[in-house]
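Structure first, then comments.
Quick note: the coordinates plus some simple rules give every number you see, no bench work behind them. Fair warning: this is a prediction, and the values are worked out from it, not measured in the lab. Here Cβ is always computed from backbone atoms with ideal geometry, including for glycine, and neighbour counts include all displayed protein chains.
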Amino acid sequence: MADLTVSIVSAERALWSGEAKSVVAKTPEGEIGILAGHEPVLALLVEGPLRIEKTDGSKMLVAVHGGFFSVSGNAINVIAEVAELAEDISLERAKAALARAQAETVEPNEAAIRRAETRISVAGLASAAR
Amino acid sequence: MGAQQRVFRRRIRSVQATKKITKAMELIASSRIVKAQQRLDASLPYLQHLMAAINAAATGASDVSKHPLMANPDNRAKAAVLVVTADRGLAGAYSANTLREAEGLYANLRNAGVTAIPFVVGRKGVAYYKFRERAVGGEYTGFTDQPTYADAKRIGEDLLNAFLTPAEEGGVDEIHIVYTHFVNMGTQEVRIRRVLPLEVVDEVIEKDSAMPFPLYEFEPEAETVLDGLLPQYIQHSVYSALLMSAASEHAARRRAMKSATDNAEDLIRTLTRQANQARQAEITQEISEIVGGADALASS
């Protein structure tokens, strides 16, 4: 079976690109799994983990915070405003950020809480998979 | 040493100290231009994908001209103008140029019956409006030499909020950005870009013939995707304007500091000549005094 060519681009730089067997992403309508030969799709992403199974069978997790992805042919482009590879996430920093965001009682910064929670869950999933 | 000579020596030392500073700033600015350019290049893939997706979604959506972000309101009353200036001076006419261009834009808008609300980036611009006691819609400072996406997002959200507020409650109908386009190391030019309302529809038709999109399945439907993409487009427009301006700012500063260094060198050369002349004049005077004294003794 043909492989997918995945590239992940965040607003500040091109983050990662390579070959993969499958990609699972989270859209406003639910999770969507992409294999090679999928019909062209343009979908929004919601904050959450993006799961990539590489051709050698290893799994890769990316925390995406908003954005969209497009599938055409066997190429899939993930365009996220902010995206981080699981191994780049510092669990301590994410936890500290979560605590800080929750401590702001005057005006709870929901975006910051969501972002920190996504980071923590992605880092957690990645360490469980290892 | 005579008094005149001492004055020259002191001035030479002072100019030399200034020259060291301007030389250092020139070198720092040169290295930062490269970094700013790299950041600009790194942000391009995102922009390409984003534009392609917006065009695809606009083609897929049933009637884009009705979309709030694209509909051209018949009664334009207010326009937000984002003016990108520098935080620090010593960059030649960099900030002054954008501010002057912005004034031109305000005049044009005024003639069309539109009130301009400036949103100002950079301490220089903020000071300009504060000194003239003119109201601004927003002030953003502290990041112009190294803007991050978070900065751009903050500005983009403010602009979008102003745009989405109904006109009766003080919202704006248009968004313009005045920034300095980085052509190359030697040339930068101030540009005005209208971000909203979008004119995607024309672009779609234009580009359609060149490269057809695959028939995308939209998830959720095309209109919702478009809704989700357009705020990102605004934020990214702000981001690339900030990056462009940052690169231009460093280039302008490098040029200003280079001419300051050259000027200091000229000054040192002139002052050294004058100091030598003063020394020579002093020696000549001493000799003529001695000769004169000896003559007076001999004749008596």
The protein assembly as shown: calculated mean residue ellipticity at 222 nm from DSSP helix runs of at least 4, using -39500 (n - 2.57): -18500 deg cm²/dmol
Relative contact order of chain A, defined on C-alpha pairs under 8 angstrom at six or more residues apart (%): 22 percent
Proximal charge balance of A:Lys54 [Cβ under 12 Å; K/R count +1, D/E count -1]: -1
Rough spin-label spacing in nm, given labels placed 7 Å along Cα→Cβ, for A:Asp56 and B:Leu90: 5.0 nm
Proximal lysines relative to B:Lys19, as straight alpha-carbon distance under 22 Å, when same-chain residues fewer than 8 apart are discounted: B:Lys258
Cα gyration tensor shape of the stretch A:4-86, rounded if a/c is under 1.5, else prolate or oblate by comparing a/b with b/c: rounded
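Indicate, rounded to the nearest 5 percent, the antiparallel portion of the DSSP beta bridges found entirely in the protein assembly as shown.
65 percent
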In degrees, nearest ten, helix B:149-164 long axis to first principal axis of chain B (Cα): 50 degrees
Cβ-based exposure ranking for A:Lys54, B:Lys78, in which fewest neighbours within 10 Å come first: A:Lys54, B:Lys78
Cα-based helix-to-principal-axis angle, B:94-111 vs chain B, degrees rounded to 10: 40 degrees
Calculated FRET value between B:Glu139 and B:Gln285, using beta carbons and R₀ = 51 Å, to 0.05: 0.25
Cα gyration tensor, the stretch B:27-255 - rounded (a/c under 1.5), prolate or oblate: oblate
Per-residue Cβ neighbour rank within 10 angstrom, fewest leading, B:Met185, B:Met244, B:Met25: B:Met185, B:Met25, B:Met244
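Nearest 0.05, what FRET efficiency do B:Val34 and B:Arg10 give at R0 = 35 Å with Cβ-Cβ as r?
Working: r = 38 Å, r/R0 = 1.09.
It comes out at approximately 0.35.
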For B:Phe163, A:Phe69, order by how many other beta-carbon atoms lie within 10 Å, fewest first: B:Phe163, A:Phe69
